[in-house]
Structures are given as structure tokens and as C-alpha cells.
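This report concerns only the one structure given below.
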Amino acid sequence: PEDIQTMIAADQEGGSVQRLKGTGFDPIPSAVQQAKLSDRRLAAEAKTWGQQLQSAGITANLAPVADVVPRSMIDRNEPIGQLHRGYGSDPVLVAAKVRAFVSGMGRAGVATSLKHFPGLGRVRGNTDFRSDVVDTVTRRGDPALAGFSSGVEAGADMVMVSSATYSKLDPKHRAAFSPTVLRGMIRGDLDFTGVIISDDLTASAMRD
């Protein structure tokens, strides 16, 4: 329709999750490696990575990962820790790196998506392959949500919702279908007025 444009997005987190590679795209280090950069340097690098996406006609990046993985869970956490997709175990550090990444991408004119709200750092199974993933720890106002609030403040355009179940938040609904998560926490607690998107609805977690 007139005045309606198509937005093309890609998963360009870095490390094992970099969909676009080769000529025109710098290798992006994993979040674990990105976390070792200063905030200023990470923002500058993210701007460059964003400009490379723009050059290919891609204006949205389904990143960054804002999940906090406890140190004791890193080797057991399949979706984030084992794949080196998280910025760390300290919510303050994660918040700073998320802010830097979002800021850099924003300077390149690329939309960002904070994921996977309200966090996959405390689960073991990967929702891409399992339908029984439950977080029994995360509560409303949890310090581990710092990366999401920081990203919203930095201007993130989207929040991607996890397909896990959070027993302390809404034991009856997966997060992607939870009024508590969507309206109560994202619209309410985070005061986020941007676009809410789901994680992959064709993944194993959703097939039942």
C-alpha cells in the first residue's frame, strides 16, 4: 500500500549467531568478546556493523541479547551460556553493553530488538528444540531485567518475548502469550511503547 514500506531484519548478534557474512560484513565477535570492549568502543563497532547492514538494505537487527546468565549456569544454559551469546552474569555489566550496542546500531539507522524477555539466562533447555522450558526463578522487578530496561532507555525499537514459561510470573501462559508479561511488564514496568515481537512461533516450544 502507499506509504507502507517493508522492513527486512536479520539475526546479527555476533559469534555463532551472525547470519550475514563474507564480503561487506566484518566478522562480529560473540557477546562474551564484545563485553570485553569499552562501552564507547562497542558502540562504535556496533555503528559499523549497522552501516554494513544498511548497505545491504537491512534496517533491523534482531539483537542484542539482554539475558543475564548466572555464573553457575553458564555451562548448563543451552540457549545463551553454552553459545556465548550473553554479555555476562552481572546485570550492571549487561545493561551497559546492551546500551552501547543499541546506541551504536541506532546511529547507523538500524532498529534493534532486545531479547529474550523476560530472560532465558536461568533455564537449561533451548526453546528452539524443547517445549518444556520453564524458568522457576525470575520475578517481576528482578535485577536480571536490567539489560532490558537499559535497552529501552537507549532507544531500542523492539522487545522480543521468549517462548518459555515463567512460573513466578504467569504459570498458565508462555511469555509470548502472557498478559502479565506483555501488558504488565513490557508496557507497564518498562514503559515500552515500541513494537513487541515474539521469538520463533514455529520452534519446538510452540508446536503443542
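The values are calculated or read from the model by the stated rules, or taken from the named source; none is laboratory data. These numbers come from a predicted model, not from an experiment. Using ideal geometry, Cβ is built from the backbone for each residue, glycine included, and neighbour counts are taken over all protein chains shown. Each accessible area value is taken on the protein alone, full model and side chains, heavy atoms only, with ligands, DNA and RNA left out. Shrake-Rupley method; radii C 1.70, N 1.55, O 1.52, S 1.80 Å.
Details
- Ellipsoid fit via the Cα gyration tensor, region 3-139: semi-axes of 26, 17, 13 Å, each the root of five times an eigenvalue, largest first.
- Of every Cα-Cα pair in region 55-126, the percent that sits beyond 15 Å: 53 percent
- The simple spin-label model puts a point 7 Å past each Cα toward its Cβ; for residue 140 and residue 90 those points are separated by 3.1 nm.
- Screening the chain for whole DSSP H helices with an alpha carbon extent of at least 15 angstrom along the helix axis and a mean Kyte-Doolittle hydropathy of at least 0.0 yields 91-107.
- Mean projected area of the Cα convex hull of region 13-75, taken over all directions, amounts to 4.8 nm².
- Three-way shape label, region 57-208, alpha-carbon gyration tensor, a/c 1.5: rounded
- The figure for residue 72 is an accessible area of roughly 90 square angstrom, using a 1.4 Å probe on the protein chains alone.
- Estimated FRET transfer efficiency when R0 is 41 angstrom, pair residue 124-residue 4 (beta carbons, to 0.05): 0.45
- Dipole of the chain computed with +1 at Lys/Arg Cβ and -1 at Asp/Glu Cβ about the Cα centre; of 10, 155, 43, farthest Cα towards the positive end is 43.
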